[in-house]
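Student: If you scroll down you'll find the structure; I have some questions about it.
The values are calculated or read from the model by the stated rules, or taken from the named source; none is laboratory data. None of these values were measured; they are calculated from a predicted model. In this analysis, Cβ positions are derived from the backbone assuming ideal geometry, glycine residues included, and neighbour counts consider all displayed protein chains.
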């Protein structure tokens, strides 16, 4: 898919990421990742087992986050590592291709968590963080341009997975599971571009930012109707009159 290919900057190594953060300070408490390599079509040809690591936070986790993720203060005390160590382990997991990878998340909140964690860390691994920030892609922003619900709203990761027939790897809000679900949603989206085409037609029908004559013609085209130049000209006349 050419549009997404441009976002990849030629990278064949993709790292699907999910960060979990504290309720109020949005400081990182867990990382989930799946490293994959794609072929010339953009399809995943091989991937590693999901990566998961817990991160000690300076601030409290918060009840809502604990209820969603199952991550508790005690869990972080027992299993958590420093932010520096967690990011270093992520780089080790990806391997030599780290600097030539695209880092894909679902939504931009993961990057907010990353930025918040930097603000609480005196010795964060600058090179690793900058590499992620400079090569980050929000897959939600990409797919929601072409596929939305009946009210024009973007779907959740789970609902996009359902729409594309992606079998979920496990319960939501486990960072490794969410990263794996995102990886397979990406792969299925690349392979089922015809489904995206049909969904985009529905989006165009309800798009209101075109000039009225153009919107009228697009709605007909999106409904598989042929439109001639004369019909387009007539729409312009009706709008001007």
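Student: If you go through region 55-67 one residue at a time, how many are part of a helix (DSSP H, G or I) and either on the phi > 0 side of the Ramachandran plot or surrounded by 15 or more Cβ atoms within 10 Å (Cβ to Cβ) (or both)?
Tutor: So the answer is 2.
Student: Residue 88: farther than 30 Å from residue 197 by Cβ, assigned to a loop (DSSP other than H, G, I, E, B) and over 17 Å from the mean Cα position of the chain (by Cα), yes or no?
Tutor: Answer is no for this residue.
Student: Right, here's the next one. Identify all residues within region 1-29 that are more than 17 Å from the chain's Cα centre (by Cα) and part of a helix (DSSP H, G or I); write none if there are none.
Tutor: 2
Student: Yes or no: region 150-169 includes at least one residue that is in contact with a strand residue (DSSP E or B) (Cβ under 7 Å, 6 or more places away or on another chain) and either within 16 Å of residue 107 (Cβ to Cβ) or surrounded by 16 or more Cβ atoms within 10 Å (Cβ to Cβ) (or both).
Tutor: no
Student: Of all residues in region 149-171, count the ones that are touching a residue at least 40 places away in the same chain (Cβ under 8 Å) and within 25 Å of residue 55 (Cα to Cα).
Tutor: So the count comes out to 2.
Student: Among the residues of region 30-47, which ones are in a strand (DSSP E or B), surrounded by fewer than 19 Cβ atoms within 10 Å (Cβ to Cβ) and touching a helix residue (DSSP H, G or I) at 6+ places or on another chain (Cβ under 9 Å)?
Tutor: Matches in region 30-47: 47 only.
Student: Related question: Given the options 92, 77, 112, name the one that is without any contact (Cβ under 8 Å) to a residue 12 or more places away in the chain, in the same structural domain as residue 14 (by TED's automatic domain parsing) and surrounded by fewer than 17 Cβ atoms within 10 Å (Cβ to Cβ).
Tutor: 92
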